[in-house]
Amino acid sequence: MILINGKETAANLKKEIAKKVEDRLAAGKRAPHLVAILVGNNGASMTYVANKEKACQQVGFKSSVLTYPDTITQDELIAEIQKLNNDPTVDGFIVQLPLPKHIDEQSVIESIDPSKDVDGFHSVNVGNMTLGLPCFVSATPHGIMELLKAYNIETKGKHCVILGRSNIVGRPMANLLSQKTYPGNCTVTVCHSLTPNIKDLTLQADIIIAAIGVPEFLKGDMVKEGATVIDVGITRIPADNEKGYRIVGDVAFDEVAPKCSHITPVPGGVGPMTIISLMENTLRAAEINEK
Ligand code: GUN
């Protein structure tokens, strides 16, 4: 069994990005600039944004955070987004989700210029992704594709079973892995809450991507020998430690790992790859926007 080390893979990619930034600066170009919009004071969102800022510093990007109270109206927020769309010093920006209930998230996302939508959430980027056209692929699917590449995992002709049909993981992964690319060329099955006999399907899978948000859903008797298992779950479970919680994935790791050819741990698997994907997208946005 090979443990897929997302932390190490992300660290290697981070070095590559930092080197490209150095090369840009040496060529007289400016550092890529990522802006994060943070509305309200959701603790998890504040942590995510702080981590994104830290990653920007580590690779030599400029980063800014624009914070707004949770009383901001949808129109006011969209007006702020228009300013970023028109600001030539901003290469890419993200609107940290979730937004307060009175704001329609998709309307806000649709107001972002797709060429600056480094989260890859705009319908133009999602549409281009499904057609195999140039686009920004959102962080988690992008990170999973990078992990499959980094570990040379064979995907051609393989049966990939995806647990979960979310817009941000399950459905884009199904699309990407069915394309005529590497990683890709898979036969894909998407399972969700209304799928009967999920175990019958997972037992046929060469690759399983677990992204349903149910802690330890995938048990040892649901996986065939030699499968590759990618765990996207990150549920906080109360625990008697300093933080008061521990992070649990969608896979019962101790039961599943012995059967696998490759498996991602939680934490330290897919998680560290997501921020790197945002950095990669921002670097590409800088390259595209200066043309
Ligand atoms: N909230 C949780 N994950 C994400 C993400 O990847 N992007 C944004 N914008 N918000 C999030």
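Coordinate-derived values only; no laboratory data. These numbers were taken from a predicted model, which means no experiment stands behind them. For neighbour counting, all protein chains shown are included, and Cβ atoms are generated from backbone atoms with ideal geometry for every residue, glycine included.
Could you tell me the distance between the Cα centroids of the stretch 201-260 and the stretch 16-82, to the nearest Å?
31 Å
Angle between the Cα long axis of helix 139-150 and the longest principal axis of the chain, 0 to 90 degrees, nearest 10?
60 degrees
Nearest 10 degrees is fine. How inclined is helix 74-85 to the longest principal axis of the chain, computing both from alpha carbons?
So the helix axis and the longest Cα principal axis differ by about 80 degrees.
Going by alpha carbons, how many degrees (0 to 90, nearest 10) lie between the helix axis of 43-59 and the longest principal axis of the chain?
For 43-59 against the chain, the angle is about 80 degrees.
From a point 7 Å beyond the Cα of residue 199 in the direction of its Cβ, which residues of the stretch 209-247 have a backbone N at a distance under 17 Å?
Only 216-225 fall inside the zone, counting backbone N under 17 Å.
Nothing charged except the Cβ atoms of Lys and Arg (+1) and of Asp and Glu (-1): what's the magnitude of the dipole of the stretch 169-243 about its Cα centre? Round to the nearest 20 debye.
300 debye
With charges only on Cβ, +1 for K and R and -1 for D and E, what is the dipole size of the chain about its Cα centre, in debye, rounded to 20?
Computed about the Cα centre, the dipole is about 640 debye.
Per the Kirkwood definition applied to all pairs of different Cα atoms, how many angstroms is the hydrodynamic radius of the stretch 80-147?
12.7 Å
Ranking 240, 23 by Cβ neighbours within 10 Å, fewest first, what do you get?
Lowest to highest Cβ neighbour count: 240, 23.
Quick test of your reading: applying the under-4.7 Å Cβ rule, which cysteines of the chain are isolated?
Lacking a cysteine Cβ partner under 4.7 Å: 56, 135, 191, 260.
Expressed as a fraction of 2.2 N^0.38 Å, the rule-of-thumb size for a compact globular protein of N residues, what is the C-alpha radius of gyration of the chain?
Scaled against compact globular proteins, the figure is 1.02.
When a footprinting reagent is the concern and you count Cβ atoms within 10 Å, what order do 118, 251 take, fewest first?
Fewest to most other Cβ atoms nearby, the residues stand as 118, 251.
Lys/Arg Cβ at +1, Asp/Glu Cβ at -1, dipole of the stretch 150-238 taken about the Cα centre: which of 233, 175, 222 is farthest positive-ward?
Farthest along the dipole direction, towards plus: 175.
Among 50-59, 79-88, how do they line up by average Cβ neighbours within 10 Å per residue, starting with the highest?
By packing density, highest mean first, the sequence is 50-59, 79-88.
For the stretch 40-198, what log10 I(q)/I(0) values come out of the Debye formula at q = 0.10, 0.15, 0.16, 0.17 1/Å, with one point per alpha carbon and no solvent?
-0.45, -0.94, -1.04, -1.13
So for 173, 273, fewest C-beta neighbours within 10 Å to most, what's the order?
Lowest to highest Cβ neighbour count: 273, 173.
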